[in-house]
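The values are calculated or read from the model by the stated rules, or taken from the named source; none is laboratory data. No experiment lies behind these values; they were computed from the predicted model shown. Here the Cβ positions follow ideal geometry from the backbone for every residue, glycine too, while neighbour counts run over all protein chains shown.
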Number of protein chains: 2
Amino acid sequence: MRRAAASLLIFTLTGSLPAQPAASEPRVLGFTTQSEPGEVSWEQRFKLLPDPQRMRANMERLSARPHHVGSPYDKENAEWILAQYKQWGWDAHIEEFQVLFPTPKMRLLEMIEPSKFSAKLEEPAVAVDPTSNQKDEQLPTYNAYSPDGDVTAPLVYVNYGLVADYEELARHGVSAKGAIVIARYGESWRGIKPKLAAEHGAVGCIIYSDPADDGFTKQAGFPKGPMRPPDGAQRGSVLDAPLYPGDPLTPGVGATKEAKRLKLEDAKSIAKVPVLPISYADAQPLLAALEGPVAPARWRGALPITYRLGPGPAKVHLKLAFNWDLKPVYDVIATMRGSEEPDLWVLRGNHHDAWVNGADDPVSGQVVLLEEARALGELAKQGWKPKRTIIYASWDGEEPMLLGSTEWVEEHADELRQHAAIYINSDGNERGYLEVEGSHSLQSFVNGVAKDVEDPESKVSVFKRQRAHLLLHGTPKQHEEARSGANLSIGALGSGSDFSPFIDHLGIATLNLGFGGEDPSGNYHSIYDDFYWYTHFSDYDFVYGRALAQTAGLTVLRMADADIMPYDFAGLSHTVAQYIDEVKALLESRRKEAEEIRQNLNEGVYRATNDPRDPTVAPSPQEIPPYLNFAPLDNAVAALDRAAADYTKALASAQSKLLQPDRLKTVNQDLAMAERKLTNPQGLPRRPWMQHLLYAPGWYTGYSAKTLPGVREAIEEGRYTEAEEQVVLVARALRDEAAWVEQLSKELGEGSGGSAP
Amino acid sequence: MRRAAASLLIFTLTGSLPAQPAASEPRVLGFTTQSEPGEVSWEQRFKLLPDPQRMRANMERLSARPHHVGSPYDKENAEWILAQYKQWGWDAHIEEFQVLFPTPKMRLLEMIEPSKFSAKLEEPAVAVDPTSNQKDEQLPTYNAYSPDGDVTAPLVYVNYGLVADYEELARHGVSAKGAIVIARYGESWRGIKPKLAAEHGAVGCIIYSDPADDGFTKQAGFPKGPMRPPDGAQRGSVLDAPLYPGDPLTPGVGATKEAKRLKLEDAKSIAKVPVLPISYADAQPLLAALEGPVAPARWRGALPITYRLGPGPAKVHLKLAFNWDLKPVYDVIATMRGSEEPDLWVLRGNHHDAWVNGADDPVSGQVVLLEEARALGELAKQGWKPKRTIIYASWDGEEPMLLGSTEWVEEHADELRQHAAIYINSDGNERGYLEVEGSHSLQSFVNGVAKDVEDPESKVSVFKRQRAHLLLHGTPKQHEEARSGANLSIGALGSGSDFSPFIDHLGIATLNLGFGGEDPSGNYHSIYDDFYWYTHFSDYDFVYGRALAQTAGLTVLRMADADIMPYDFAGLSHTVAQYIDEVKALLESRRKEAEEIRQNLNEGVYRATNDPRDPTVAPSPQEIPPYLNFAPLDNAVAALDRAAADYTKALASAQSKLLQPDRLKTVNQDLAMAERKLTNPQGLPRRPWMQHLLYAPGWYTGYSAKTLPGVREAIEEGRYTEAEEQVVLVARALRDEAAWVEQLSKELGEGSGGSAP
């Protein structure tokens, strides 16, 4: 799976660092005047190696048949990938886990009132598309980890099924209690929809793809265009990823054959109500049969009907049953041992399993990963030796919810805590702009990489192209920052791809990379995401595949080769200061909102505007939030800011001096640990698996990140005592980080001796 | 016609005046402690008189058959209305003019490539709706004052056909030159669409009703719901109202039988290219046949197609021919002579002609007007005598473009300049919130009226209900102002109803009143705007009809009875100061935009973001606007502000004293002239008929107002020398106004003598 169906342009800007170092200093972060020329030379050789034609051929091979978890072709692909790594000189093996992976044995959706209608629940083969007719091997359309169920109830339309959508429903006097809700895909991760539906008392949940979101409004439907056709539907997992991803039966430990497993009924990450994805052709008769209040303007999709809320008179019957079997996942792990600091690991991964043929998701990323690995093998043959150990991972079982990566990370948690310096993820690739999310201590580093990769269309750097995009289409703040010429800031990581266990569970500095944003797409998790689709509607000449291989490859090379691993903490402290401002503003806006409601109630404002023919329900008075003590956060970030400035100075100084290798080993080992300081081994409230204190998938957003999650979500949900407790925990971590960074500056001073020649 | 298909909530707020006078002063503006009790007593009697049942019966009578200009029932209605006025004791007569009113003799629209399609151009009768089948008397769907024409050309979709839409088209490299454009109704007045189409080289223009704007997205289509059905189409005039309304052959003079007339080919207000309105059922095949770039997200309507820009391959043939005949219009004018100041006139009007049956537009307003007239007649029988002369007007020929009112105003221009104190307009009425636009010297007055009329649904005052609406749904600025508790500010008048000749041509202080905003409607200018529609989907118990009769009636009563006519200039100066801030900000934003484009061009930003599969055209470098001298405006408004404050003080003082009637006559005569000071007899640049310097219909918006139009439009269109000339003219008028108001304060001081008992 990818992070979101719609492309995210997450580069924003920070004014924390000047874009260009002084002329006398090395240009590439982490190298010295002595080491930089050699690095640049290897990078130039590397950049010539990724081959679009090979990517195309590999995509055709890997997406030739459906290859979901447990399928024959999933295993064949893993074995083929293993053979490639070996052929390129890597030390590679397959690591296998046994995971719970339900598949459907019964799917029924019918309307029984006011008229009869049976949903087709079937994506038809398309004549021009040669792999769309592989019916025997295709998984049917379903949501993995829906419970079994057989429910009949009136229908209620809940828009995207977000927290705010249920608030809007309540204002219209409509409740989901006892109903089956129909939500449209989009705006939140799909698993949030049944989660909130269940919390509001619904007995079932249908999720459909509205053409406004990925259908004919943006381009023609497949096969004429790239968008979702009338009968297309989106498969996908509804496992509660914000609680914990990975095998639901083995939270926190690797799902080896011998692992102790929960009973199915004790697995807390499985959805609470039956849930089924459907096409808009199946949804339209249901939605058209709804009466009740007309949906608000923002809730209207692109079907030619009047969208209404219900409840009823449409009454539907949903019956689902699954095979609750354990299935194997095959992670392909390839290692190239470091020559100087082999105990520091640079990890790079992309999954290989798909919902069906998955040319776009994930094969377009997997073929990039493989081309990087081939190129690194080639460099090694030419004499290049990485200082640090490089590990390439082709994950299995990502689609059901990061199974292969999570189980591997849990199984190897102790080693990873000790050795992992960075994890670099991708999950498919398209045409357009470089999208980057990750740890903000890597922000300056990845800006440097983006300046050294050429965009295949505009022939300017991918950095410069993204900056131009923000100048034309960014928010006023992004525009202002882009104009300033500073580094572009990177987005925060939520969930939805294999980076989650690395960053969220272990606190390993992480990046997620990919190109996108130029081509609309409606193939997500359908049988139409295949070689025909990709080679007609996306990066069909694979030049953005090459650009991603160059971007991710340079990221690996620099992190593996640098004298001093290219972390930087100014971007981190600057970003955390922004997050602190945001949570303060959030509290303030909640106070204003509560006061506003109270005043409106006192003045009869809701009564005065009530329309008797379309009545609305006035909100209930809310608790006025208390003022909270944010001073610990302010003090901690101030300390981090000073430490980061000292480190930036120490690094610049070290880069222009001769370095003492043994002392630098200590520096690098300590640099690798810096991100760990930002975790809490107890985890976030109610979700101990999520241990990072700055980033987490949102409890009610899923894929999209909540930053300072313990503080922010406590305020959002009105738990103010908890918010204040979380402030203290985050502040403590930030102070630890500041002290660690101050220590690093000292080590760096000691680690460098003599002047540059 | 009404001002816009979508309801406008134009009450905003100004902080200029406290909402409540001190306890010892009279509550009703313009009355004294002596005179107020009598006024309040007559008002209370008045408010009981308007009768919903009579309004319903009168609507049924007046909308029983189509009654457009030149139709038999138009004349019958005029004669029936005349009889009513007479019966209620008014001195009434019909005043007739001869106006150019084209009707269709040929309407043809067909697609000839890539497939054949003939537009139906016909609104079908609906079985449950008894007047929808009066085919013999219905005008067909057409745009009055389209020229004859026979054109065949590729089609281009231009969204709403606004200035910004053509700029967007150009960015996609699409030109309207030589094309027939298809625009959707909405966002601008319809006549702007062929005007801009012609300016961009199009040879024809089709205007269709997209269901996103007044179709099934908001409610069900007629007859199940109130919205426009698939074959419904919007008739309407495309005469160039921003140039001059009224008979195109007699600009500036009354179209009496003897009037000197222009030749048809010299009439500048007739549209330049053939134009035809169509339904969405007729539009869908044309739009679906377009190729070329996909339309931007904001351009997408609610048809289940991918909206594209063209040009072509759709090629259409449009053939139109009209009867260019003179037709009679019958204005019904009813007078009640004033007892003390008969030479000051309080005018009140609403039109009676319709495009077809017109129950909503205009009969829902006409029946209110008639109930007011009946009630005033009743008061007169009970002994009430208005100080000033009251004139009620039931206008004919409003739909083709304010023909009856404009010709009457032009014919009586000299008298009106001398005698008219106020014109109060309405043009239909629906359910919801009081919408007010007008001269800002009447803002405080109309706030007072709105506080004394009860909303029939919420039982709070219509003022309080509108304030509640702004608290919940207003802009942040409106919200803040509503919270402050001050007067609600009123909107500026553009065009689109009979107020235009009064305010724009003669500078008579004007108000436009109506309720609306609670019921979506898709009946506008269709055969379905009839008694069945209104009594099923709008103010079917006519309680908002009664509320409007009370509002407009109180406005008439107070203006006719007040000791000192209730003008106030603080609201005016406050509002003008805002307009000055706006034009300064407009210039600044144009400067920033031009500088931004220049910088982006220099930095290659457009080149860097160009998508080769969906190319865009970079903007051309624009002239950087010069800095302009706004000091004359700042000085003039400062003077007006001081004068207004003095007047407010003088008025408050006068209201608590005994008044000397003869001196007050002078004051009132001078008050009636105050709005005239804001005009320029030379008119606006390129449109001498438009003489008000603060308000005008926008040259490229039509109905919606441009304030400080000479200055604002010159800046918008990059004529900076003209802008500076206009600044001087407006500043001079504002200084004249300030001097006039200072003089009024002195007269008021002299006009009041002795203390209140």
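Give region B:454-468 a look and list any residue that's crowded, with 22+ Cβ neighbours inside 10 Å and of a type outside the set (D, E), or say none. B:V462, B:F463, B:R465, B:Q466, B:R467, B:A468, listed by residue number. What about B:R348, is it away from chain A (no Cβ under 14 Å), within 21 Å of the chain's Cα centre (by Cα) and touching a residue at least 40 places away in the same chain (Cβ under 8 Å)? Answer is yes for this residue.
Considering only region A:350-439, give the strands (runs of 3 or more DSSP E) lying wholly within it that have at least 2 residues that are closer than 20 Å to A:E340 by Cα and in contact with a strand residue (DSSP E or B) (Cβ under 6 Å, 6 or more places away or on another chain).
So the answer is A:388-395, A:420-425.
Looking only at residues in region A:265-307 that are of a type in the set (S, T, Y) and assigned to a loop (DSSP other than H, G, I, E, B), which one is farthest from the other protein chains (Cβ to nearest Cβ)? Taking the candidates together, the pick is A:S269. Within region B:219-236, if we keep just the residues that are over 19 Å from B:Q284 (Cα atoms) and buried (at least 23 other Cβ atoms within 10 Å of the Cβ), the residue that is farthest from the chain's Cα centre (by Cα) turns out to be B:P226.
Per-residue answers, yes or no, for (1) more than 30 Å from B:V294 (Cβ to Cβ); (2) surrounded by fewer than 19 Cβ atoms within 10 Å (Cβ to Cβ); (3) not assigned by TED's automatic domain parsing to the domain that holds B:I422:
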site	(1), (2), (3)
B:Y544	yes, no, no
B:Q550	yes, no, no
B:T555	yes, no, no
B:V576	yes, no, yes
B:S589	no, yes, yes
B:Q622	no, yes, yes
B:A643	yes, no, yes
B:Y647	yes, no, yes
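Within region B:203-223, being touching a strand residue (DSSP E or B) at 6+ places or on another chain (Cβ under 9 Å) and away from chain A (no Cβ under 14 Å) holds for B:V203, B:G204, B:C205, B:I206, B:I207, B:Y208, B:S209. The number of residues in region A:617-640 that are in contact (Cβ under 8 Å) with a residue 24 or more places away in the chain and within 14 Å of chain B (Cβ to nearest Cβ) comes to 2.
The residue of region A:548-570 that is nearest to A:K677 (Cα to Cα), among those that are of a type in the set (G, A, S) and in contact with a strand residue (DSSP E or B) (Cβ under 7 Å, 6 or more places away or on another chain), is A:A560. Any residue in region B:386-402 that is among the aliphatic types (A, V, I, L, M), touching a helix residue (DSSP H, G or I) at 6+ places or on another chain (Cβ under 6 Å), buried (at least 24 other Cβ atoms within 10 Å of the Cβ) and within 28 Å of B:Y528 (Cβ to Cβ)? Yes, region B:386-402 has at least one match.
Do the conditions hold for B:I597, that is, is it outside the structural domain of B:E341 (by TED's automatic domain parsing), within 30 Å of B:Y433 (Cα to Cα) and of a type in the set (A, V, I, L, M)?
no
Scanning region A:716-730 for residues that are more than 13 Å from A:Q691 (Cα to Cα), of a type outside the set (D, E) and surrounded by fewer than 23 Cβ atoms within 10 Å (Cβ to Cβ) yields A:G718, A:R719, A:Y720, A:T721, A:V728. Applying the criterion of at least 1 residues that are acidic (D, E) to the helices (runs of 4 or more DSSP H) found wholly in region B:589-708 leaves B:631-655, B:661-673. Checked across region A:461-482, the condition of being within 13 Å of another protein chain (Cβ to nearest Cβ), closer than 22 Å to A:V367 by Cβ and part of a helix (DSSP H, G or I) holds for at least one residue.
Looking across region A:597-616 at every residue that is hydrophobic (A, V, I, L, M, F, W, C) and facing chain B (nearest Cβ under 8 Å), the one that is farthest from B:R483 (Cα to Cα) is identified as A:A608. For B:H473, the requirement of being surrounded by fewer than 24 Cβ atoms within 10 Å (Cβ to Cβ) and not assigned by TED's automatic domain parsing to the domain that holds B:E675 is met. Could you tell me whether any residue of region B:357-369 is out of contact with any Gly (no Cβ under 6 Å at 6 or more places or on another chain), buried (at least 23 other Cβ atoms within 10 Å of the Cβ) and more than 19 Å from B:E76 (Cα to Cα)? Within region B:357-369 (the criterion being out of contact with any Gly (no Cβ under 6 Å at 6 or more places or on another chain), buried (at least 23 other Cβ atoms within 10 Å of the Cβ) and more than 19 Å from B:E76 (Cα to Cα)), the answer is no, since none of the residues qualifies. Checked against the criterion of being on the phi > 0 side of the Ramachandran plot and in contact with a strand residue (DSSP E or B) (Cβ under 6 Å, 6 or more places away or on another chain), region B:285-296 contains one or more residues that satisfy it. Just one of the listed residues (B:S489, B:S495, B:S538) is under 19 Å from the mean Cα position of the chain (by Cα) and under 23 Å from B:H67 (Cα atoms), and it is B:S495.
Against the criterion of being surrounded by fewer than 24 Cβ atoms within 10 Å (Cβ to Cβ) and at positive phi, A:G383 qualifies. As for region B:517-527, it holds no residue that is of a type in the set (D, E, K, R) and more than 26 Å from B:D210 (Cα to Cα). Candidates B:L734, B:L748: the one that is in a helix (DSSP H, G or I), modelled with pLDDT under 95 and either surrounded by 20 or more Cβ atoms within 10 Å (Cβ to Cβ) or not assigned by TED's automatic domain parsing to the domain that holds B:A639 (or both) is B:L748. Residues in region B:433-460 that are charged (D, E, K, R) and within 25 Å of B:S495 (Cβ to Cβ) were compared, and the one that is farthest from the other protein chains (Cβ to nearest Cβ) is B:E437. Taking the listed residues B:G191, B:G254, B:G232, the one that is farther than 26 Å from B:Q138 by Cβ and at pLDDT 95 or above is B:G254, with no other qualifying.
Of A:A644, A:A654, A:A674, all but one fail to be within 22 Å of A:F445 (Cα to Cα) and modelled with pLDDT under 95; the exception is A:A654.
From the list A:P242, A:P211, A:P248, the lone residue that is in contact with a helix residue (DSSP H, G or I) (Cβ under 6 Å, 6 or more places away or on another chain), in contact (Cβ under 8 Å) with a residue 40 or more places away in the chain and crowded, with 22+ Cβ neighbours inside 10 Å is A:P211.
Is it true that B:S495 is away from chain A (no Cβ under 14 Å) and either in a helix (DSSP H, G or I) or at positive phi (or both)? Spelling it out, it is not the case that B:S495 is away from chain A (no Cβ under 14 Å) and either in a helix (DSSP H, G or I) or at positive phi (or both).
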